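First up is the structure itself, then whatever we jot down about it.
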Amino acid sequence: MKKILQQLFEHKTLSRTQAKDILIQMSGGAYNESEITAFITVFLMRSITIEELQGFRDALLELAVPVFLDDMETIDIVGTGGDGKNTFNISTLACFIVAGAGIKVTKHGNYGASSISGASNVMEQLGYRFKNDTVALKKELDEANICFLHAPLFHPALKIVAPIRKNLGVRTFFNMLGPMVNPAKPAFQLVGVYNLEMARIYNYLFQQTQSRFTIIHGLDGYDEISLTNDTKVITQQGEAIYTPEQLGKRMVMAEDIYGGNTVEASAKLFAKIIKGEGSWSQHAVVLANAAMALYGFGKYPKYDDAYAAAVESLESGKAYNCLQKLISLQ
């Protein structure tokens with residue numbers, strides 16, 4: 001590791017192969033905590049290159065515990081995290097609304113590293129039991145239209161760096177990797193990113209794959225459609241900027257989508273919103289993200305049709321039924 005760090009301290013970058021090899025060795029326990037912390041810190045001080053990110057992704061995918069759900073066409077909605085906004089669990093709630101609208105969801109998530117409550121925190125608090133058993137996950141998809149893939153159970157390298165990421169408490173390049181290494185290989189992904197540079201990198205990487213995708217970035221720094229400002233939307237067809245009024249009927253205030261100070265508070269808020277008992281602003285933000293996923297997936301020819309389907313899923317109780325069914329299978 002000393003030689004690698006020296007190379008990086010001299011402002012040199014890693015090749016795709018080097019990056020892959022380092023992460024594979026890291027997951028095998030070749031480096032101690034101090035060495036890993038120093039390595040991660042380098043990428044907090046400079047931008048990661050596309051080759052480096054590709055190499056890290058290659059390593060995680062090669063080491064990943066396989067899950068065989070390829071016969072099902074699924075969606076994932078995921079933010080990179082690290083936007084520092086501490087919103088409630090918008091992406092995870094949007095996943096249940098999509099499931100309630102009849103589309104199968106393979107949600108990939110992790111504990112919060114730079115936020116109070118990540119997707120895994122809230123799912124665990126709600127009673128979900130993490131697993132990497134294909135049969136059990138398939139049963140959840142069949143009966144609840146959704147399953148949850150806790151990243152460290154599928155990616156050994158993520159398990160090793162989890163305590164370090166938590167101690168650092170800031171976003172790292174591992175935030176960037178999460179959406180690219182969903183072991184279920186969903187047919188479509190809605191990915192939220194925290195800055196425009198990350199949006200460009202994701203666009204390039206997704207263009208190299210067969211996956212359909214939509215990348216979203218709230219122009220005031222959110223990694224989701226926040227409705228607090230305009231949103232940049234990037235797809236295979238190009239890019240556009242949408243106003244809060246276009247995506248969610250009206251603008252909301254940042255304080256309206258705050259997530260709380262504890263995991264318990266986040267889970268309580270999650271349960272309230274999915275039952276349709278949240279505020280107008282909370283519902284609007286979740287519905288906009290779910291609608292963009294339904295629209296990008298291709299089920300609805302117009303965004304407004306997708307938004308109406310999202311509203312129906314929430315207000316009819318179908319989204320909540322998906323959660324109840326999922327928890328009952330644990």
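With neighbour counts taken as other beta-carbon atoms within 10 Å, the residues Met45, Met72, Met198 rank, fewest first, as Met45, Met72, Met198. For Trp280 and Asp21, the FRET efficiency from 1/(1 + (r/R0)^6), where r spans their Cβ atoms and R0 equals 35 Å, is about 0.10. According to the calculation over all Cα-Cα pairs in segment 2-63, the P(r) per 10 Å bin from zero is 22, 60, 18 %.
Compared with the dominant Cα axis of the chain, that is its longest principal axis, helix 90-100 is turned about 50°.
Please figure out what share of the DSSP beta bridges in the chain is antiparallel and state it in percent, rounded to the nearest 5.
Values: 11 of 27 bridges.
Of the beta bridges lying entirely in the chain, close to 40 percent run antiparallel.
Here the chain is assigned +1 on the Cβ of each Lys and Arg and -1 on the Cβ of each Asp and Glu. Its dipole about the Cα centre then comes out at about 420 debye. For segment 1-118, the average shadow cast by the Cα convex hull is 9.1 nm², which is a quarter of the hull's surface. How far is it, in nm, from the label point at Lys325 to the one at Glu51 when both lie 7 Å from their Cα along the line to the Cβ? About 4.8 nm, to one decimal. A full extension of the chain between Thr134 and Asn261 corresponds to an added length of 42.3 nm, given 0.36 nm per residue minus the alpha carbon distance. Scaled against the 2.2 N^0.38 Å expected of a compact globular protein of N residues, the Cα radius of gyration of the chain reads 0.95. Annotation for Asp142 and Ile241: the two label points, set 7 Å from Cα along the Cα-Cβ direction, are 4.9 nm apart. Considering only Leu137, Ser117, Asn89, the residue lying farthest towards the positive end of the dipole of segment 88-179 is Ser117, judged by Cα position with unit charges set on Cβ. Taking each of Lys12/Lys107; Lys85/Lys275; Lys107/Lys232; Lys159/Lys272; Lys131/Lys232; Lys131/Lys185 in turn, the alpha-carbon distance tops 28 angstrom for Lys12/Lys107; Lys159/Lys272; Lys131/Lys232. Angle of helix 318-328 to the longest C-alpha principal axis of the chain, folded into 0 to 90 degrees and rounded to 10: 60°. Across segment 132-148, rounded Karplus estimates of 3J(HN,Hα) from the backbone phi angles (6.51 cos²θ - 1.76 cosθ + 1.60, θ = phi - 60°) give 10, 8, 4, 4, 5, 5, 5, 5, 4, 5, 5, 9, 10, 6, 8, 9, 10 Hz, Gly and Pro being marked x. Cα centroids of segment 208-268 and segment 1-29: 34 Å apart.
Where a number appears in this text, it was derived from the coordinates with a stated rule and is not lab data. Remember, predicted model here, so these are calculated numbers, not experimental data. So basically every Cβ, Gly included, is an ideal-geometry build from the backbone, and we count neighbours across all protein chains shown.
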